[in-house]
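First comes the structure, then the notes that go with it.
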Amino acid sequence: MTPELTVLALAGLLQAAQFVLMSVPVNREVGHHRTLAPRDNDDLLRDLSPRTGRLVRALNNHFEALILFTLAVTVVTLSNQSTPFTAACAWTYLVARILYVPAYAFGWNPWRSVIWFVAFLATLAMIVASLV
């Protein structure tokens, strides 16, 4: 397995950990009756504490970031262009995404945005590296 695929697997575990980290306080704050309901016209975020709302948004942000990162890993792996540079980019992505969770939860401004940008640049660098 390439280092990039290893990091992708770990990023998937991070996603699962973020889900647990978010779902426990959400269920405490609004109750199971609400989280198990279809939520057709329910704005769940408005009834959460600021920190729990940030955990929800951090999870959603990782879903979005994981799409582009998965694309980068797929391109690097399928084109057989794994290098120490792309591996370093993948690890940089993972470390940044781990740091992003507390940065978002505790409102570390502007560091949350800086950390997000590091992960984004690492992902773009992987894609560009596979093209050159």
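A few remarks follow.
- Relative contact order, percent, the chain [alpha-carbon distance under 8 Å, six or more residues apart]: 33
- Accessible surface, 1.4 Å probe, highest first, among residues W116, W111: W111, W116
- Normalised per residue, the volume of the convex hull around the Cα set of the stretch 61-131 (Å³): 63
- Exposure ranking of E4, E64 by accessible area [1.4 Å probe, largest first]: E64, E4
- With a cut-off of 15 Å on the backbone N, no residue of the stretch 1-16 is near the modelled label site 7 Å out from L131 along Cα-Cβ.
- Just the protein heavy atoms count here, and of the accessible area of the chain at 1.4 Å, carbon and sulfur take up 69 percent.
The values are calculated or read from the model by the stated rules, or taken from the named source; none is laboratory data. Worth saying up front: this structure is predicted, and the values here are computed from it rather than measured. Counting neighbours? That spans all protein chains shown, and the Cβs are built from the backbone with ideal geometry, glycine included. Side chains are part of the model used for accessible areas, which takes the heavy atoms of the whole protein and leaves out ligands, DNA and RNA. Shrake-Rupley method; radii C 1.70, N 1.55, O 1.52, S 1.80 Å.
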